[in-house]
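*Asks:* Please find one structure pasted underneath; my questions will follow.
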Amino acid sequence: MNRNSNKSFFSNLFPMLALSALLLYGCNGKSGSGEQTLPILGERQVVERQVNGQTVEDTTYLTIPSFAFVDQDSQQVTNQTFDNKVYVTDFFFTTCPTICPKMKTQLLRVYDKYKDDSDVLLLSHTIDPEHDSVAVLKDFSERLGVSSTKWHFVTGDRDSIYAIAEKYLVPVQEDAGAAGNFTHGGHFMLIDGNRHIRGVYDGTDPADVDQLINDIPLLLKEKQHEKK
Amino acid sequence: MGLGALTTLTQCFTDKQNEGQRVYAANCASCHMDDGSGLRGVIPPLANSDYLASHRKQLPCLVRQGINGEITVNGISYNRPMPPAEKLRADEIANLLNYIQTNFGNHNDRYTMQEVKEYLQYCPQY
């Protein structure tokens, strides 16, 4: 079964991210007030530039590029949809016989918890756009009983979806040998209002999703600070 | 000698009890969840499910052939295909169904092997 391959994806990627998270915690954790913050994950680059004759170092973080997909209401969903919001994103397909039902059960927990907080959104991408049309996603989300302004199920150009998965650091691929013909990581990625990845969680593990539910308020708090 | 035979027998029965759980974990749990709760609105629950009692005779064939089309469980309509488990033998189906019928809050009658074999003979032809 392709469950194993999902797991192996995870075991490859997870230590790497966990390690970078650990390394970064040291820096970010000291931001004055001693409050707990979440690290910015992914590759970063330091760029030097001259300001008034002085060398200044700028750090650029991995940033989710611009995207445009269509959700279950045929509405366009872009980066602007998530501007100044916190969102959780994943990759799945509606006919997936392996880890997706478990992921959706767990994502429903996040949905239920933040149902009434308009600053928290969910974004699920199908990796099988050929089958998962707007109508199929509509049916799926209505059966789940979730609001389409809160939880966007998106479809779109196949290559764009696979390309953005890579940016979110989620492994996905077509695999004729796997159950359901696709393999993909069961990750939930937590993204902040500046398009940065702030957390990666195993979407099939309730304990990890507990962590996600607890981490979201940390990002919401940052947002409040920025407003002040 | 007698004691040895008894031990072997007990062992055998114990294994058979776990067999249903094993078959469930391998074939059903990823969609119906480890606790039989299913996925809200999308995949029907097996836990406290009225369907299990009301469709007792059909269940062996449903497991083997899968389901296409709409079904109603505990008053809620579901319409998502369930893939067939064609490779499961009659005894595995019997153990699986006995596990489901007596766990997850269900307290339904167990199947005998004979019963399951009989029901499997009359699976609908598609």
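Here, each number is a calculation from the coordinates, and none is a lab measurement. All values derive from a computational prediction rather than experimental measurement. Neighbour counts are summed over all protein chains in view; Cβ atoms, including those assigned to glycine, are modelled from backbone coordinates with ideal geometry.
*Asks:* Given the pairs A:K102/B:K57; A:K102/A:K138; A:K115/A:K223; A:K115/A:K138, which are separated by over 23 angstrom at their Cα positions?
*Replies:* A:K102/B:K57
*Asks:* For region A:130-217, which GluC sites (Glu not before Pro) are in a loop by DSSP, counting at most 14 other Cβ atoms within 10 Å?
*Replies:* Answer in residue order: A:E130.
*Asks:* Apply the Karplus parameterisation 6.51 cos²θ - 1.76 cosθ + 1.60, with θ equal to phi minus 60°, to every residue of region A:105-110 and state each ³J(HN,Hα) to the nearest whole Hz, in sequence, with x for glycine and proline.
*Replies:* 4, 6, 5, 4, 4, 5
*Asks:* Just to be sure I follow the definition: excluding the sites themselves, where is the longest run in chain B that has none of the GluC sites (Glu not before Pro) in a DSSP loop with at most 11 other Cβ atoms within 10 Å? Each step should come with its number before you reach the end.
*Replies:* Details: sites that count: B:E70, B:E86.
Between the exposed loop sites, the longest stretch runs B:1-69.
*Asks:* What FRET efficiency, computed as 1/(1 + (r/R0)^6) with R0 = 35 Å and r the Cβ-Cβ distance, is obtained for A:S118 and A:D159, rounded to the nearest 0.05?
*Replies:* Step by step, r from the Cβ atoms, then E = 0.65.
*Asks:* Per-residue mean of other chain beta-carbon atoms within 10 angstrom of the beta-carbon, peptide B:37-44?
*Replies:* Values: counts 1, 2, 9, 8, 8, 13, 4, 0.
What the average comes to for B:37-44 is 6.
*Asks:* Once you average over the residues of B:75-84, how many Cβ atoms of partner chains fall within 10 Å of each Cβ?
*Replies:* Numbers: counts 0, 1, 1, 1, 2, 6, 2, 1, 4, 0.
Partner Cβ neighbours, averaged per residue: 2.
*Asks:* What does the C-alpha gyration tensor say about the overall shape of region B:20-121? Classify as rounded when a/c is under 1.5, otherwise prolate if a/b is larger than b/c, or oblate.
*Replies:* rounded
*Asks:* Let me ask something additional. Enter the Cα centre distance for the pair region A:127-156 and region A:166-222, rounded to the nearest angstrom.
*Replies:* Region A:127-156 and region A:166-222 have Cα centres spaced 18 Å from each other.
*Asks:* Between A:K167 and A:E142, take the C-beta separation as r, use R0 = 22 Å, and let me know the FRET efficiency to the nearest 0.05.
*Replies:* The formula returns an efficiency of 0.15 here.
*Asks:* Please grab the % of Cα pairs in region A:75-189 that end up more than 18 Å from each other.
*Replies:* 48 percent
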